[in-house]
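Single-structure report; data block below.
Read-outs: derived from the displayed coordinates by stated rules, not from any lab. These figures come from a predicted structure and were not determined experimentally. Cβ coordinates were reconstructed from backbone atoms using ideal geometry, including for glycine residues, and neighbour counts include every protein chain displayed.
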Amino acid sequence: MELVREVGGGIYLIDTFMGGVQAFTAVYLVAGKKACMLVDAGPSTGVDNVLKGLRVLGVDLEDVKYVLLTHVHLDHAGGTGHLLERLPRAVALVREGMEAVLVDPSRLMDSARRALGPIFEMYGEMRLVSPERVTGVGEATLELGERMIRVIPTPGHSRSHLCALDLVTSTLFCGDSLGIFLADEGKVLPVTPPPDFDLVEQRATLEKLAATGFRRACFSHFGWTAHGTELVSMSLRALERMVEEVRRGMAKEMDPREIAEGIMRLLGVHTPYGEFMFRDMSLVSVKGIMRYLS
Ligand SMILES: [Zn+2]
């Protein structure tokens, strides 16, 4: 099991091993000379692995300045409270308007428990974050020693979604905005969960990301690629096909599970995560599109 991988240019991937699954959910470390940033906190159940990763990399916990949350889903932001207890100077950055969710995560936890059912255990309980350690951001530029990081609001997958672009290496931390990256297949699989997924916003987000001209993408799920903006057109093409299939399936009153299976066949996706992704992830995406369309 590989805990830490070097992306290059002072960027490192730490595997959270969420739910014991390796190479599925990543947290990134962006290291400047005097300050570091984490992109995402990972789930509560992955915090120990993130801390272990920082230790392996020789990071002084006092140097971590920001924990930038790409969005407030449990696999990305669930561990924030636990992590901040160990990072004495870090501030969590979240899309403005979402601060309260971290300060009092009880509603998010309730809805996640309902939506996720038995797999909720994979994510774990969130811990409260004190209000002075959360800052809301929109379009922003962060300074990290000699590095400049551009924060870009990217609603679509979730209303609270943010991406970060490291201007030094032209690396985009895309969270879930482009989908799940399947390195072995060279594909991206869009993820469109309820209740937030919005097709119009997602199209605008993809356009905005293409316009940045990024040259490398770091995916939360999972890994990185030197492919740049062609990933955007790949994601958009797959998304349009998914929406079309859901539209057709809804007209025929098909079972969402059947629609999900059809989409995976159509896109020719064979995931390394096996049943888990077929059964849960693709079905969640279908339900998000159904909700958007109805
Ligand atoms: Zn995710």
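Here are the numbers:
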{"quantity": "Taking region 4-231 and dividing mean pair separation by its residue count, relative contact order in percent (alpha carbons under 8 Å, at least six apart)", "calculated": "17 percent"}
{"quantity": "Overall Cα dimensions of region 1-157 - principal axes, largest extent first, Å", "calculated": "44, 37, 29"}
{"quantity": "Protection-proxy order for peptides 34-47, 181-194, 255-268, 132-145, each taking the mean of Cβ atoms within 10 Å per residue, highest first", "calculated": "34-47, 181-194, 255-268, 132-145"}
{"quantity": "Fully extended contour minus Cα-Cα distance, from residue 226 to residue 293, at 0.36 nm per residue", "calculated": "20.7 nm"}
{"quantity": "Residue-by-residue Karplus 3J(HN,Hα) for region 40-46, coefficients 6.51, -1.76, 1.60, Hz, glycine and proline x", "calculated": "6, 9, x, x, 3, 6, x"}
{"quantity": "Estimated FRET transfer efficiency (residue 60, residue 119; beta-carbon r; R0 45 Å; 0.05)", "calculated": "0.80"}
{"quantity": "Estimated distance in nm for a label pair at residue 241 and residue 104, the labels positioned 7 Å out from Cα along Cα-to-Cβ", "calculated": "4.5 nm"}
{"quantity": "Sequence-distant residues sharing a close amide H with residue 148 (under 5 Å, placed H)", "calculated": "167, 168"}
{"quantity": "Bridge type composition, the chain - antiparallel percent by DSSP, nearest 5", "calculated": "70 percent"}
{"quantity": "Nearest 10 degrees, 0 to 90: helix 106-116 Cα axis against the chain principal axis", "calculated": "40 degrees"}
{"quantity": "Length-normalised contact order for region 93-175 - Cα pairs under 8 Å, 6+ apart - percent", "calculated": "26 percent"}
{"quantity": "Share of pairwise Cα separations in the chain, more than 34 Å, in percent", "calculated": "14 percent"}
{"quantity": "Computed [θ] at 222 nm, deg cm²/dmol, the chain (DSSP H ≥ 4; -39,500 (n - 2.57); rounded to nearest 500)", "calculated": "-10000 deg cm²/dmol"}
{"quantity": "Spin-label model distance (nm) - residue 135 vs residue 280, 7 Å beyond Cα toward Cβ", "calculated": "3.4 nm"}
{"quantity": "Normalised per residue, the volume of the convex hull around the Cα set of region 1-62 (Å³)", "calculated": "76 Å³"}
{"quantity": "Spin-label pair residue 6/residue 34, simplified geometry with 7 Å Cα→Cβ offset, distance in nm", "calculated": "2.6 nm"}
{"quantity": "Linear extension gain, residue 185 paired with residue 89, 0.36 nm per residue minus alpha-carbon span", "calculated": "30.6 nm"}
{"quantity": "Set 187/208; 208/252; 52/187 screened for pairs whose C-alpha atoms are more than 26 Å apart", "calculated": "208/252; 52/187"}
{"quantity": "Other-chain or far-sequence residues with amide H under 5 Å of residue 191's (modelled H)", "calculated": "179, 180"}
